[in-house]
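I have placed the structure first, in the form of structure tokens, so that the comments after it can refer back to it.
A short reminder: the numbers here are calculations on the coordinates, not readings from a lab. Keep in mind the model is a prediction, meaning the values are calculated, not measured. For neighbour counting, all protein chains shown are included, and Cβ atoms are generated from backbone atoms with ideal geometry for every residue, glycine included.
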Ligand code: ARG
């Protein structure tokens, strides 16, 4: 494994060195190298620098050009405009760097300079409740972020903070005690049946709860029994959890996502820590008693009437809620799991909750400069009408139905294009294309933004979709198959056509893109990179015959570009959690 320095980084360093030689006062100034239409790269940093130091920008640029000179890497450098540099690299240098990438399993992508342990809180549905598109986003974004972080060398630990605790369980359990047999053992049902059973029990118990004051009282007592660890109550609670897990895992399986059982650590898991969490906060004065409750106040968080909105650690009746479980989870993640970063992938509508929880943990000393917490708050999934995604009846859309429909649409697309695929193969591809489409649509927009759930657009063959990328990949595989005995070989002595250079330079930027996307928690930057890669490949394919190129060397060299493009697409898509079928 050898990490490869990209040409952009090499050139940037050389310009920086030339700059400090030409203008020692500049120190280690960044020449701000960018890809450019006029040459391969443009250095934009000289202008501001010369102005700042009171020199003439064009003169400075001229000096830098002189110091730089040209060689095997830099083919041409010239001053442009008021003091920019246009830089062109040698074809040979492009092919050499790509050959080094191709020789490495990791495509030359370096590990991050500083790594630690990130505990990532994602895919956290609620027990006895239907999953909705919000849970889909958390799962899809969380999984992609985790793949990206793992790839950069970070150690990641997943935490699925499922909602498996709270007062509603008193109602559910009490109902089950009074109506035994309403919930079949989890082992006997599939995911769909599990959810419909849970839904039925939920609705029925809710109805009794709302209508019958005495039942309400019994349900309330049941909560106390649950919290104090009463065995029969816990047994029944466990049945709800198990039944829900059957349902969750069927959805995650459909999503083609690995969820490990030992990482499903819900709110209930922190129950035993809550009292101590409260005690620590109270003793340190971080939390104070107010009207019987234990709360934390914040200077800058105020409600409508300008009254401070506190975080409630413990309610006046002694009960603990969502905040207490999150604060306890922080202690566990920091002190037992040795996390250096706590990452949460949770709906942006919970951002105030996290602001208060993080600030409380900071005051308590659990978070500090060495251990940071961040909520990757994501936006809302909207329907075609631009309103939060709901059924026509205004209900939340069943996630399974949504995924099934995506796969069905994908099957139509795959079937239409299928040339040599059997019906089984079409179905298998349809799942990879349909689920890929749903994931890609989510990941290609910045997480913080809302996006429209539009299946027609998602499975379209044209435009910024996963199917477009998957087709580009499959098309390359078909060329490589057709090439037969002839394999991909880089020939560094060959001159490159413009479309080859553009493709090559973009391939060289893969490592920098992954590093940036991982460091910024920005999967959409990786998605944008891959879309551009497929587009540049399409142009290359239109302009440069591969198997019918002029010379055998050129055939091999173009096969080399094809192969590296395919491997880069495959790796990039895998980081996003999306499959790339060999044939489509
Ligand atoms: N179960 C919650 C919900 O459905 C999300 C949990 C987020 N994670 C956390 N540590 N609070 O809204």
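Observations on the model:
- Computed over the stretch 340-389, relative contact order equals 51 percent, with contacts defined as Cα pairs under 8 Å that lie 6+ residues apart.
- Residue 51 paired with residue 272, simple spin-label distance in nm, labels 7 Å along Cα-to-beta-carbon: 6.3
- Multiplying the residue separation of residue 38 and residue 196 by 0.36 nm and subtracting their alpha-carbon distance yields 50.8 nm.
- A full extension of the chain between residue 253 and residue 316 corresponds to an added length of 18.5 nm, given 0.36 nm per residue minus the alpha carbon distance.
- Length released on extending from residue 71 to residue 419, taking residue separation times 0.36 nm less the Cα-Cα span: 120.4 nm
- With the simple model of a label 7 Å out from the Cα in the direction of the Cβ, residue 449 to residue 393 spans 3.4 nm.
- Inter-centroid distance (Cα atoms) of the stretch 365-427 relative to the stretch 179-210, Å: 26
- Axis of helix 133-151 versus longest Cα principal axis of the chain: the two differ by about 50°, to the nearest ten degrees.
- Distance between the pseudo-spin-label points of residue 461 and residue 289 (7 Å out from Cα toward the beta carbon): 7.2 nm.
- For the chain, the longest principal axis of the alpha carbon atoms and the long axis of helix 168-178 meet at an angle near 50°.
- Shape of the stretch 292-332, Cα gyration tensor, a/c cut at 1.5: oblate
- For the stretch 381-490, the fraction of C-alpha pairs farther apart than 26 angstrom is 30 percent.
- When DSSP beta bridges are restricted to pairs lying wholly in the chain, around 55% turn out antiparallel.
- Classified by the C-alpha gyration tensor, the stretch 150-307 has an oblate form. Its axis ratio a/c, with a ≥ b ≥ c, is 1.5 or above, and a/b does not exceed b/c.
- The stretch 554-576 versus the stretch 3-40: alpha-carbon centroid distance in Å: 28
- Ordering of 365-373, 43-51 by packing [mean C-beta count within 10 Å, highest first]: 43-51, 365-373
- Rg in Å to one decimal, and Dmax rounded to a whole Å, for the stretch 240-312 via C-alpha atoms: 19.0, 49
- With the Kirkwood sum run over all distinct C-alpha pairs, the stretch 329-450 has a hydrodynamic radius of 17.8 Å.
- For the stretch 1-155, the Kirkwood hydrodynamic radius from C-alpha pairs, put into Stokes-Einstein at 4 °C and a viscosity of 1.567 mPa s, yields a diffusion coefficient of 69 µm² per second.
- What the Kirkwood sum gives for the stretch 517-562 is a hydrodynamic radius of 12.2 Å, with every pair of different alpha carbons counted.
- Once you reduce the stretch 444-513 and the stretch 254-303 to the center of their Cα atoms, the two points are 45 Å from each other.
- Rounded, prolate or oblate (a/c below 1.5 giving rounded, otherwise prolate when a/b exceeds b/c) for the stretch 469-572 by Cα gyration tensor: prolate
- Using a Förster distance of 56 Å, the FRET efficiency for residue 113-residue 232 (Cβ separation, nearest 0.05): 0.55
- Normalising the Debye intensity of the stretch 274-363 to I(0), with uniform scatterers on Cα atoms only, and taking log10 at q = 0.23 Å⁻¹ returns -1.27.
- Along each principal axis, taking the top coordinate minus the bottom one, the Cα set of the stretch 108-199 gives 61, 25, 23 Å in descending order.
- Considering the stretch 317-389, its Cα convex hull presents a mean projected area of 6.6 nm².
- When every Cα-Cα distance of the stretch 162-243 is counted in 10 angstrom steps from zero, the calculated P(r) takes the values 19, 53, 26, 2 percent.
- Between 0 and 90 degrees, the angle of helix 399-417 with respect to the longest Cα principal axis of the chain falls at about 30 degrees.
- Each peptide in 25-35, 206-216, 75-85, 242-252 receives the mean, over its residues, of other Cβ atoms within 10 Å, and ordering these scores from highest gives 242-252, 75-85, 25-35, 206-216.
- Volume of the Cα convex hull of the stretch 87-240, divided per residue and given in Å³: 194
- Evaluating kT/(6 pi eta Rh) at 25 °C and 0.890 mPa s, with the Kirkwood radius of the chain over Cα pairs in the Stokes-Einstein relation, gives 90 µm² s⁻¹.
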